[in-house]
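Read the structure below first, then the notes.
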Amino acid sequence: MINKLSFGGYLTAWYEAGSGGQKIVLLHCSLAHGGAWKGVMELLSPDFKLYAPDLPGQGQSQDWDQKILFQDQSVITTVGLLKEIGEPCHLIGHSFGATVAMRIALEFPELVKSLILFEPVFFGCLQDAKNPMYEEWSVREKPYTDLVERGDFEGASKAFMELWGTGAKWENLPSSQRSYIKDRIHLIAAGSRSIITPGKNRMRLSDYEKVAKPIYLLEGENSPPVISEVQKTLENTFPDALRNIIGNSGHMAPITHPKEFSDEVRRFLTFNY
């Protein structure tokens, strides 16, 4: 079921599943939409009430308002949904969606019961921690960022998906999916201002020492090495965090390995609640 309401002045669409139990809000990765959680929602819906919003500019939600930071608009709309739900929820975030969940837990702790973060792409934390992987990864990302700056959105989309996609070749993706990604590839750079680019707009690692919530850090066994460094940094920063690896999976595990991912969610929530 898809619902739509305006939160903070921005039309927001979201999927719902389940009819009872504790409430979970799932925040998708960039270039996707709330429907990307379909497999996970089907597996968890017998025991939980689930909500999966389309983040700004994706799915059926309103486009990014370029007068504000993309991540700020994502926080505003998700907080609006949480207030509409009317009680604290567990937040599950994937990639960029996980950074939005982190922001909400820091700035609106009264709305959050716990965090499950699958590979948050908060690469700026490595700079804060003086981890050499930050510079190494900046070099690895440069071909993609150069293509964006040149306006080659097709090339940039291909380069980005080869690094962060499911492993499928760009040419083998359905044409509708390629068009969807190419039309939104600018949102990656927009999100980077809050999670990677140095400056006053970027998240600061030290702030997250204050987040006193149960936190489960998950990652894929085959994900790029920068992910492990981010997770290790966050594990050492959050005051109450557990960390685990989903075997034989990569950055898109919530989509490619929904059962394994859902099993980890159940294990964590059963242990803590």
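The values are calculated or read from the model by the stated rules, or taken from the named source; none is laboratory data. Owing to the predicted nature of the structure, the values given are computational and were not obtained by experimental measurement. Glycine gets a Cβ as well: all are built from the backbone with ideal geometry, and neighbour counts include every protein chain shown.
Could you grab me the full set of residues in the range 90-114 that are surrounded by fewer than 24 Cβ atoms within 10 Å (Cβ to Cβ), assigned to a strand (DSSP E or B) and either free of Cβ contacts under 8 Å to residues at least 60 places away in the same chain or of a type in the set (A, V, I, L, M, F, W, C) (or both)?
Answer for the range 90-114, where residues must be surrounded by fewer than 24 Cβ atoms within 10 Å (Cβ to Cβ), assigned to a strand (DSSP E or B) and either free of Cβ contacts under 8 Å to residues at least 60 places away in the same chain or of a type in the set (A, V, I, L, M, F, W, C) (or both): just Val112.
When you check Leu5 against the structure, is it in contact (Cβ under 8 Å) with a residue 24 or more places away in the chain and either more than 14 Å from the chain's Cα centre (by Cα) or not in a loop (DSSP other than H, G, I, E, B) (or both), yes or no?
yes
Would you point out which residue out of Lys169, Lys158 is in contact with an Asp or Glu (Cβ under 9 Å, 6 or more places away or on another chain), loosely packed, with under 13 Cβ neighbours inside 10 Å, charged (D, E, K, R) and over 21 Å from Trp64 (Cα atoms)?
On inspection, the qualifying residue turns out to be Lys169.
Within the range 130-173, which residues are under 20 Å from Glu119 (Cβ atoms) and basic (Lys, Arg)?
Correct list: Arg140 only.
Would you check if Gln62 is touching a strand residue (DSSP E or B) at 6+ places or on another chain (Cβ under 6 Å) and surrounded by fewer than 22 Cβ atoms within 10 Å (Cβ to Cβ)?
So Gln62 fits the description; yes.
Residues are listed down the side, and each one gets a yes or a no for (1) modelled with pLDDT of 95 or more; (2) of a type in the set (S, T, N, Q); (3) within 23 Å of Phe118 (Cα to Cα); (4) assigned to a helix (DSSP H, G or I):
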residue	(1), (2), (3), (4)
Gly21	no, no, yes, no
Trp37	yes, no, yes, yes
Met41	yes, no, yes, yes
Tyr51	yes, no, yes, no
Gln62	yes, yes, no, no
Gln73	yes, yes, yes, yes
Thr78	yes, yes, yes, yes
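Any residue in the range 263-273 that is at pLDDT below 95, under 30 Å from Lys130 (Cβ atoms) and of a type outside the set (Phe, Trp, Tyr)?
Scanning the range 263-273 turns up no residue that is at pLDDT below 95, under 30 Å from Lys130 (Cβ atoms) and of a type outside the set (Phe, Trp, Tyr).
Please enumerate the residues belonging to the range 240-262 that are surrounded by fewer than 14 Cβ atoms within 10 Å (Cβ to Cβ) and at pLDDT 95 or above.
Result: Asn244, Gly247, Asn248, Lys259.
Output the residue which, of all residues in the range 115-153 that are aliphatic (A, V, I, L, M) and not in a strand (DSSP E or B), is farthest from Glu209 (Cα to Cα).
Residue satisfying both the conditions and the ranking: Leu147.
Looking at the structure I just gave you, is Glu135 at pLDDT below 95 and either at negative phi or surrounded by fewer than 18 Cβ atoms within 10 Å (Cβ to Cβ) (or both)?
Answer is yes for this residue.
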